[in-house]
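I am attaching a structure below and will ask some questions about it afterwards.
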Amino acid sequence: MTRSFSLTFRIALVTAAFVVFTASLLFNADAAQAWGPEITRNPQNPAPGTDEAAPRFKPLPPPALNFYGTPGIIDTPSAEMLPDGTYAVSYSWFGGQSRYNITFQALPWLSASFRYNGIRNLNLFGFSTYYDRGFDVRARLWQERRWLPEVTMGLQDFAGTGVYAAEYFVATKRFQTPVLSRRSGPGELKSSAGLGWGRLGTHGAIGNIGGVRPSFVGGGTGGQLSYDQWFRGDFAPFGGIEWQPTDRLSLKAEYSTDAYITETQVSDVFERKSALNFGVEYQYSDRTRLGAYYLYGSEIGFSAQFQLNPKHPLTPMVVPAAQPIIPRSHWARTEADWNQNWPASTQQTTVFRDQIAEALKKDGLILEAITFDATEVELRYRNPRYQSDMQAVGRVARIMTAYLPASVETFRITPVRSGLGLSTVTVRRSDLEAQEFAAQASDGINAVTAITAARPLSEDAVFSDELYPAFSYSFAPYTKPSYFDPARPFRIDFGLDLVASYAPAPGWLIGGALRQRLAGNIANTRASNSVLPHVRTDISRYAQYGTTLENLYVTRHWKPGRDLYARATGGIFETMFGGISGELLWKPVNSPLALGVEANYVIQRDYDQRFSFLDYKTFTGHASLYYELGSNYQLQLDAGRYLAGDYGGTFSLDRVFNNGWAVGAFFTLTNVSAADFGEGSFDKGFRFRIPLGWMLGKPNRRGFGLTIRPTQRDGGQRVAVPGRLYGSIREAHRIRLKDQRVRFWE
Amino acid sequence: MIHPALSRTALHLRAALMTLLALSTLASCTKGPEEASGAIELGRSIRALIQERRAGPAAPLQINRAFLEQFPQPHLEVIVEQSDLTGYLGLVLARQDDLPGEITTWSAADNSALAFRNGMLIATRGLPGNLISASVPVQEGTAGPAHGGQRRYYLRSGNNQEQVVTLACKITDLGPQQLEIYDRIYRTRHLQEHCEGRGEAGRKTVVLNDYWVDSQNKKVWKSRQWAGPEIGYLRIRDLSN
């Protein structure tokens, strides 16, 4: 009795609060003081000459997400897609069930999601709180047109144990609604209806395809595509509406056909009294949206949605202006100014070298070597600052115009990394003078710039005095996360790294890192139950020690021939392995294709991570194919022998944006059986990298990245060798340079 | 309400992040030609931000004609409308290229720069979302816009790509206007360039550029020009003597 009273009371209270909140938002919509920062909007009839009327690149806030982190109403999906490239992170909670979702809009019509969820008090499959991971994929079948709604097909939790497995077709149509606030203009009503299988067909089914669908059983190894179940069993119609009366506020209502059988009938997680859900959401900022809901006639829920658009930085990039090019016609007026005898004088060339090195240093660039000729100068430099290599090339070119004698007409600019010349950009000085202020300055200079294979270092090159031998060190914090241990889904260690390196000559590097852990809980991770050699799963044993040697190695990079790059490394590579490693890469400067081979003989390190080793030794190596698919997509295929001695291949697909954002996914299939592999059946995961420059708005090459695997096992694992070739080489090759040509003049 | 393990995790995560942030701010350092790590760069940025906050905004310059007469080099006064910031830019270079019109490049002490062709903005540097280049309605011997027609802005977007804004413009002569800039009186004509285009999803966009042109001197003394979606409108006055 008390319980039902309190429930009614609770519902009444929540409803009252909801009505008051919504009304206050609606009637305050015109007030200048909205809650939260300014958001992007399409104002009604803005006055000409204002910023509101001017062209805008910032997109409107993206569509709202549902509890599964994909566009939708509350617990059901809609057909909408997010803006291309959007990286959406969301959290939702109701009735003891929490879901952490990451959705990436990989293509304008295709998105993929990863979810980590916890169901409290499920008390099934041997867990009190049941944690699981799942992947979704959604594809838009057609776009909204005059009469036609947008239609999307979705596979929810389509692989693995499939606690949330469902498939659906859903259609969404948008309508304009009357103006409620002058500030935000007309509202919008989105109406969605769909047909769902699996979970979405468990309530109010109207038909059946292919008989009974097996019910969910947790605790299996999972990881296999459950395609034999897709669009099988009962199907039911679901639907909902989202009304946006103003540009900050959304009201949502839906009819959900998820009966929550496992949660409410098999177990007792919450009580499902109704199929209707209601919610209100608030667009706090362009990227953040918050929502409160009343679900299934008994539960209160909430969600927080953060949508990052890699194409729109958190802080706009600001780079100090470079000096304008002063055309030679302004200062080289006499015969003597055009004299060509200066390269013969070492004194003269040393002065030029030092002036240029000083100017480069001011721009954050490092002079490696320079070759002087009366009409042609080749400059080799390192770029530790600019994420865009084309921007560095442009700044080098400007510096050359400022300091070199008038007789030099051809500039050859060669970016160097790890002692390797990556490419040579050839540009004529008169083109620089003519194009700087042309109407289409970027395309203009791009059309007359040649990008060719890096020329071998000339014999009479003048080296920078300060560079070799060079000693560098840094003292900086580190973090080491670990995910999805059933006892604690997220663990982290952190502390300080002392990293030092010594470069005795171009291409040579001796590097090492000492690590001191300050705090963390990875040491409490469950012990490995793997039947394979424990090449990766002994993380808790490795985490028992506070002061460790993270790596210590000697490496050499060189170019054995045209378009060929080579690396040899020996020493301690990473936390768990040391040994010897060799790599050869073929990458023509103008080709989207690259081929590589890598061979390693490695010994597993002792758990204390000093100089001793365990007994496990193995050969691991791969042949790799890299291909730039266009539109910033990169494909990588590897085949070979992995750390546990298993043979197989890895497929990786990454989208690397021009500004350095990267999102990708991979999977590895080897000859280890699903049973031997353990949970997950095979190795897979996704990764992302957020460039620091994108966050801070200052030029910077660094970024924060993570690789997340639903389960870390021992099959399909590779050794992490420092200084792998492909990534840094392609950055200064033709495709990447041309993609970023707009940065040449900045 | 959240599951205890998860909320504990969130707390731990927050504590870890705060510690890390504190460590990056205080305990990171680097030396030598190798690239600094992300944590070091983040620490540097935070320290720079703290310094900036402590320093507070710079005191506004007190400007009058006598003060301006001390400088042999011409200067521009530029107000960024969006942020209400005022900057003073000195002339660095005046030159010609293959296209008609005189190019002037001006730069400020904070490493930002603007370039004009016959008084019309064609490039910004050192500002967010730079205007890389622009095609402007220029004619030899005429200050300011010489005719209507198509106008193009080439801007650098957040993903390091070129984004082009194409507009169709009309010029209106709003008549003579007497202008005062720090005790100097100039007789100018007020020209207004009304440009229209189509934005995302067919949205109609409008850019208005205003120029106060001295037809005898062939000089734009004052203008209000659009510099792209990130920067917005600039109000520019020529302070030269």
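The values are calculated or read from the model by the stated rules, or taken from the named source; none is laboratory data. Bear in mind the structure is a predicted one, so any value in this text is a computation, not a measurement. Heads up, the Cβs are rebuilt from the backbone with ideal geometry, glycines too, and the neighbour counts pull from every protein chain shown.
With respect to A:ARG120, is the statement that it is within 19 Å of A:GLN305 (Cβ to Cβ) and of a type in the set (Lys, Arg) true?
no
In the stretch A:510-519, is there at least one residue being facing another protein chain (nearest Cβ under 8 Å), part of a strand (DSSP E or B) and not acidic (Asp, Glu)?
yes
Matching residues to (1) assigned to a strand (DSSP E or B); (2) out of contact with any Leu (no Cβ under 7 Å at 6 or more places or on another chain); (3) among the β-branched types (Val, Ile, Thr):
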{"residue": "A:ILE451", "(1), (2), (3)": "yes, no, yes"}
{"residue": "A:ALA454", "(1), (2), (3)": "no, no, no"}
{"residue": "A:PHE475", "(1), (2), (3)": "yes, no, no"}
{"residue": "A:ASP493", "(1), (2), (3)": "yes, yes, no"}
{"residue": "A:ALA500", "(1), (2), (3)": "yes, yes, no"}
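Another one. For the stretch A:381-397, check the following and say yes or no: at least one residue is surrounded by 18 or more Cβ atoms within 10 Å (Cβ to Cβ), among the basic types (Lys, Arg), out of contact with any strand residue (DSSP E or B) (no Cβ under 9 Å at 6 or more places or on another chain) and not in a helix (DSSP H, G or I).
The answer is yes, given that some residue of the stretch A:381-397 is surrounded by 18 or more Cβ atoms within 10 Å (Cβ to Cβ), among the basic types (Lys, Arg), out of contact with any strand residue (DSSP E or B) (no Cβ under 9 Å at 6 or more places or on another chain) and not in a helix (DSSP H, G or I).
Which residues, taken from the stretch B:152-161, are assigned to a strand (DSSP E or B) and crowded, with 19+ Cβ neighbours inside 10 Å?
Scanning the stretch B:152-161 gives B:TYR153, B:TYR154, B:LEU155, B:ARG156.
Then there is this: Residues that are modelled with pLDDT under 90 and crowded, with 16+ Cβ neighbours inside 10 Å, at least 1 per element: which strands (runs of 3 or more DSSP E) completely within the stretch A:91-184 meet that?
In the stretch A:91-184, A:110-119, A:130-142, A:166-181 are the strands (runs of 3 or more DSSP E) which contain 1 or more residues that are modelled with pLDDT under 90 and crowded, with 16+ Cβ neighbours inside 10 Å.
So which residues in the stretch A:626-667 are within 14 Å of chain B (Cβ to nearest Cβ), of a type in the set (A, V, I, L, M, F, W, C) and either part of a strand (DSSP E or B) or crowded, with 21+ Cβ neighbours inside 10 Å (or both), if there are any at all?
Within the stretch A:626-667, A:VAL656, A:TRP661, A:ALA662, A:VAL663 meet the criteria.
Follow-up question, since we're still on this one. Looking at the stretch A:440-449, which of its residues are assigned to a loop (DSSP other than H, G, I, E, B) and crowded, with 19+ Cβ neighbours inside 10 Å?
A:THR449, the sole residue that qualifies.
I need the full set of residues from the stretch A:533-560 which are in contact (Cβ under 8 Å) with a residue 60 or more places away in the chain and either in contact with a helix residue (DSSP H, G or I) (Cβ under 6 Å, 6 or more places away or on another chain) or assigned to a helix (DSSP H, G or I) (or both), in order please.
Matches in the stretch A:533-560: A:ILE539, A:ARG541, A:TYR542, A:GLN544.
Sticking with this one: Name the residue that is farthest from the chain's Cα centre (by Cα), counting only residues in the stretch A:499-532 that are surrounded by fewer than 16 Cβ atoms within 10 Å (Cβ to Cβ) and not hydrophobic (A, V, I, L, M, F, W, C).
So the residue we want is A:PRO504.
Determine whether A:ALA406 is touching a Phe, Trp or Tyr at 6+ places or on another chain (Cβ under 9 Å), in the same structural domain as A:GLU376 (by TED's automatic domain parsing) and either at pLDDT 95 or above or not polar (S, T, N, Q) (or both).
It is true that A:ALA406 is touching a Phe, Trp or Tyr at 6+ places or on another chain (Cβ under 9 Å), in the same structural domain as A:GLU376 (by TED's automatic domain parsing) and either at pLDDT 95 or above or not polar (S, T, N, Q) (or both).
Being more than 26 Å from B:ASN159 (Cα to Cα), more than 10 Å from chain B (Cβ to nearest Cβ) and without any contact (Cβ under 8 Å) to a residue 12 or more places away in the chain: is that true of A:GLN347 here?
Answer is yes for this residue.
Please work out which one of (1) in contact with a strand residue (DSSP E or B) (Cβ under 7 Å, 6 or more places away or on another chain); (2) surrounded by fewer than 19 Cβ atoms within 10 Å (Cβ to Cβ) is the condition A:PHE573 fails and give its number.
(2)
Out of all the residues in the stretch A:483-498, which are in contact with a Ser or Thr (Cβ under 8 Å, 6 or more places away or on another chain), surrounded by 20 or more Cβ atoms within 10 Å (Cβ to Cβ) and more than 7 Å from chain B (Cβ to nearest Cβ)?
A:ARG491, A:ASP493
Run A:TYR293 past the list (1) more than 14 Å from chain B (Cβ to nearest Cβ); (2) more than 24 Å from the chain's Cα centre (by Cα) and report the number of the one that doesn't hold.
The failed condition is (1).
So which residues in the stretch A:681-739 are part of a loop (DSSP other than H, G, I, E, B) and touching a strand residue (DSSP E or B) at 6+ places or on another chain (Cβ under 6 Å), if there are any at all?
Correct list: A:PHE682, A:ARG709, A:PRO710, A:GLY715, A:GLY716, A:VAL719, A:VAL721, A:GLY723, A:LEU725, A:ALA732.
Having 1 or more residues that are touching a helix residue (DSSP H, G or I) at 6+ places or on another chain (Cβ under 9 Å) and more than 14 Å from chain A (Cβ to nearest Cβ) is the bar; report the strands (runs of 3 or more DSSP E) wholly within the stretch B:49-151 that clear it.
B:75-80
Return a yes/no flag: does the stretch B:71-85 have any residue that is closer than 26 Å to A:ARG328 by Cβ and of a type in the set (Phe, Trp, Tyr).
Checked the stretch B:71-85: no residue is closer than 26 Å to A:ARG328 by Cβ and of a type in the set (Phe, Trp, Tyr).
Let me ask you something else. For the stretch A:68-94, what are the residues that are under 25 Å from A:ILE690 (Cα atoms) and either among the basic types (Lys, Arg) or more than 18 Å from the chain's Cα centre (by Cα) (or both)?
A:TYR68, A:PRO71, A:MET81, A:TYR91, A:SER92
May I ask you to verify whether A:VAL408 is part of a strand (DSSP E or B), of a type in the set (Val, Ile, Thr) and surrounded by 18 or more Cβ atoms within 10 Å (Cβ to Cβ)?
For A:VAL408, the condition - part of a strand (DSSP E or B), of a type in the set (Val, Ile, Thr) and surrounded by 18 or more Cβ atoms within 10 Å (Cβ to Cβ) - is not met.
Kindly indicate whether any position in the stretch A:553-567 is in contact with an Asp or Glu (Cβ under 7 Å, 6 or more places away or on another chain), within 14 Å of A:ILE603 (Cβ to Cβ) and crowded, with 16+ Cβ neighbours inside 10 Å.
The answer is no; no qualifying residue exists.
Still on this structure: Could you tell me how many of the residues in the stretch A:77-102 are within 14 Å of another protein chain (Cβ to nearest Cβ) and among the β-branched types (Val, Ile, Thr)?
So the count comes out to 2.
Quick one: is A:ILE74 touching a residue at least 24 places away in the same chain (Cβ under 8 Å), within 14 Å of chain B (Cβ to nearest Cβ) and crowded, with 23+ Cβ neighbours inside 10 Å?
no
For the structure I just gave you, tell me whether A:ALA439 is among the aliphatic types (A, V, I, L, M) and within 11 Å of another protein chain (Cβ to nearest Cβ).
Taking the combined requirement at face value, the residue satisfies it.
Also: List the residue pairs whose Cβ atoms are under 6 Å apart, where the first residue sits in the stretch A:692-704 and is within 7 Å of chain B (Cβ to nearest Cβ), the second is among the aromatic types (Phe, Trp, Tyr) and assigned to a loop (DSSP other than H, G, I, E, B), and the two are 6 or more positions apart or on different chains.
none
Does A:THR257 satisfy being of a type in the set (S, T, N, Q), crowded, with 21+ Cβ neighbours inside 10 Å and in contact with a helix residue (DSSP H, G or I) (Cβ under 6 Å, 6 or more places away or on another chain)?
When the stated conditions are applied, A:THR257 passes them.
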